[in-house]
1. Could you tell me whether any residue of region 284-292 is outside any loop (DSSP other than H, G, I, E, B), surrounded by 15 or more Cβ atoms within 10 Å (Cβ to Cβ) and either free of Cβ contacts under 8 Å to residues at least 60 places away in the same chain or outside the structural domain of residue 123 (by TED's automatic domain parsing) (or both)?
2. Hey, among the residues in region 34-53 that are in a helix (DSSP H, G or I) and in contact with a strand residue (DSSP E or B) (Cβ under 6 Å, 6 or more places away or on another chain), which one's surrounded by the fewest Cβ atoms within 10 Å (Cβ to Cβ)?
3. Give region 252-282 a look and list any residue that's out of contact with any helix residue (DSSP H, G or I) (no Cβ under 9 Å at 6 or more places or on another chain) and under 15 Å from residue 7 (Cα atoms), or say none.
4. Given the options 312, 277, 236, name the one that is modelled with pLDDT under 95, under 30 Å from residue 188 (Cα atoms) and in a loop (DSSP other than H, G, I, E, B).
5. Which of the numbered conditions does residue 67 fail, given that it passes all the others? Conditions: (1) part of a helix (DSSP H, G or I); (2) touching a helix residue (DSSP H, G or I) at 6+ places or on another chain (Cβ under 9 Å); (3) surrounded by fewer than 17 Cβ atoms within 10 Å (Cβ to Cβ).
6. Is region 100-121 home to any residue that is free of Cβ contacts under 8 Å to residues at least 40 places away in the same chain, in contact with a strand residue (DSSP E or B) (Cβ under 6 Å, 6 or more places away or on another chain) and assigned to a strand (DSSP E or B)?
7. What are the pairs, 6+ residues apart or on separate chains, where a residue within region 1-13 that is touching a residue at least 60 places away in the same chain (Cβ under 8 Å) has its Cβ under 9 Å from a residue that is assigned to a loop (DSSP other than H, G, I, E, B)?
């Protein structure tokens, strides 16, 4: 039989555990994985600094989880009507400093506590390009639309990325020796960089990931980028912006992830919880009272079978 595409072979990764927290961090692709896992009943902890695309910013966030609370005082500055942190996503910004700091410290504490018991950290690397703040002479996680003249755009080398992430991973595993780290290069294109620069950036990230895997027995690679660009390999698998994977592509990529990271028992629980979520959100039933009753009965059944889902449904 003729084949019209090269399918990515199946592979295995360390398995996820429903009864331990899962940490995710990185680009918007990490957010996609987080959403899917949470909808299936996993105990997922959101990244303390929000969406971050560059390894330098990720490294700084990861190491903040290892520090004592007394050292955690976010640096804020006011721009226009917002107080912002150049290390955090804009979702942490506020019209006054107190709410912003409170939210940042609370998110960091949650990740720090989860780190002690987590068995899985998923890291999605978005780009090798970063912005250097000329005021502090440090890389930033987010420019928050501050004047462009303040920042210099640079591209990190493989060695620089490996050095910073390797140190961060060592600090994490010193706190939790059982932690497994799964790295992935985001399949989302950074079109503002240009196609050639985007390709070069992803190549740098891919090589850095391979070096990190070779140096650390607890670090593994999930080929999200390769599945989209080499297996699916067609613009019909991109959304309208021609940069993000379409819903069909997301389903396909996550299918590989779940196949690699779920045991047969986990797969069954995930399917049942996902079906419950669909039932919960379904609104086309003619009798809402009967619909609500069906949802509650299904919820009771799942909790009875899987006690660890009690607080997640």
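The values are calculated or read from the model by the stated rules, or taken from the named source; none is laboratory data. None of these values were measured; they are calculated from a predicted model. Every residue, glycine among them, receives a Cβ derived from its backbone with ideal geometry; neighbour counts consider all protein chains shown.
1. Yes.
2. Out of the qualifying residues, it is 38.
3. Scanning region 252-282 gives a single hit, 255.
4. Checking each option against the conditions leaves just 312.
5. Unmet for residue 67, out of (1) part of a helix (DSSP H, G or I); (2) touching a helix residue (DSSP H, G or I) at 6+ places or on another chain (Cβ under 9 Å); (3) surrounded by fewer than 17 Cβ atoms within 10 Å (Cβ to Cβ): (1).
6. Taking every residue of region 100-121 in turn, none turns out to be free of Cβ contacts under 8 Å to residues at least 40 places away in the same chain, in contact with a strand residue (DSSP E or B) (Cβ under 6 Å, 6 or more places away or on another chain) and assigned to a strand (DSSP E or B).
7. From residues that are touching a residue at least 60 places away in the same chain (Cβ under 8 Å), the pairs are 5/233; 5/234; 6/233; 8/223; 11/222; 11/223; 13/222.
For every residue, the table says whether it meets (1) modelled with pLDDT under 95; (2) more than 19 Å from the chain's Cα centre (by Cα); (3) not in a strand (DSSP E or B).
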{"position": "19", "(1), (2), (3)": "yes, yes, yes"}
{"position": "24", "(1), (2), (3)": "no, no, no"}
{"position": "32", "(1), (2), (3)": "no, no, yes"}
{"position": "73", "(1), (2), (3)": "yes, yes, yes"}
